[in-house]
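**Student:** One structure coming up, written as structure tokens, with questions to follow.
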Amino acid sequence: MDAPRPSDISIAGDPLALPHLLPPAPRHPATVAEFAGLARSVAADRERWAPLVRYDATTRWYARLATGPGYEVWLLSWVPGQGTGPHDHGDSTGVLTVLEGELTERSLTPRGERRDTLRPGAVRVAAPGHVHEVVNDSLEPAVSLHVYFPGLTEMTPYGHVARAGLADAAGAAAREAGQERVAG
């Protein structure tokens, strides 16, 4: 009878028992700045996202591009006139960057409405509780990239409340929850 042949494990030991032999765990974003950097790096990789873009005249089109520990990356397209309606992202922080076209963000704050035109490369951060709406007010389609952390599980719509009263309603809801929401 032949003696059993030695294996790698019998010679070197189980590599899982020796952590220094394992490749390092991939590093994932942990700060708002790092998530903004993730959005910029995905945006710069046009070959990754451009073939996926679709336009839908009846609703905003979207696709999840990636997930990581506690975050999601979404690709959205907007034909002229499409928008989100006033909303917040619950307990998630959002990072938005425009890839193509132009979007208008209306942030609803206790001091009134703030309106910003977002063009390719623009990056916006929305903290938890930030009330805003995003609309394609232009005559051309637009594409945007959104990173949510933690992953988006809640999106509070504010319905057809008049804009002037929306910020007050958001502030009252935050006070009821025991926390003052600051929209920026």
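The values are calculated or read from the model by the stated rules, or taken from the named source; none is laboratory data. Values in this document were obtained by computation on a predicted structure and should not be read as measured data. Just so you know, the surface numbers come from the protein's heavy atoms only, side chains and all, with ligands and any DNA or RNA stripped out. Shrake-Rupley method; radii C 1.70, N 1.55, O 1.52, S 1.80 Å.
**Student:** Rounded, prolate or oblate: pick one for segment 40-161, where a ≥ b ≥ c are the square roots of the eigenvalues of its C-alpha gyration tensor, a/c under 1.5 means rounded, and failing that, prolate if a/b is larger than b/c, else oblate. All intermediate terms of the calculation are to be shown ahead of the outcome.
**Tutor:** Numbers: a/c = 1.61, a/b = 1.16, b/c = 1.38.
The shape class here is oblate.
**Student:** Output ³J(HN,Hα) for segment 126-135: one whole-Hz value per residue in order, computed from phi by the Karplus curve 6.51 cos²θ - 1.76 cosθ + 1.60 with θ = phi - 60°, and x for Gly and Pro.
**Tutor:** Per-residue couplings from phi come out as 10, 6, x, x, 5, 9, 7, 9, 10, 9 Hz.
**Student:** Let me ask something else. Give me, ordered by chain and number, the residues 5 or more places off residue 138 or on other chains with an amide H under 5 Å from its own placed amide H.
**Tutor:** 81
**Student:** Rank these residues by their accessible area, most exposed first, probe 1.4 Å: 106, 27.
**Tutor:** If we order 106, 27 from most to least accessible, we get 27, 106.
**Student:** Follow-up. Given the protein chains as shown and a 1.4 Å probe, how many square angstrom of residue 138 are accessible, to the nearest 10?
**Tutor:** 30 Å²
**Student:** With all protein chains present and a 1.4 Å probe, how do 99, 145 order by accessible area, largest first?
**Tutor:** Ranked from most to least accessible, the order is 99, 145.
**Student:** Which whole-Hz ³J(HN,Hα) couplings does segment 35-42 yield from phi under the Karplus relation 6.51 cos²θ - 1.76 cosθ + 1.60, θ = phi - 60°, glycine and proline marked x?
**Tutor:** Karplus values, whole Hz, x for Gly and Pro: 5, 5, x, 4, 4, 5, 6, 5.
**Student:** At a probe size of 1.4 Å, how large is the accessible area of residue 38, to the nearest 10 Å²?
**Tutor:** Approximately 30 Å² for this residue.
**Student:** Under a 1.4 angstrom probe, counting protein chains only, how are 95, 125 ranked by accessible area, largest first?
**Tutor:** The ordering from most to least exposed comes out as 125, 95.
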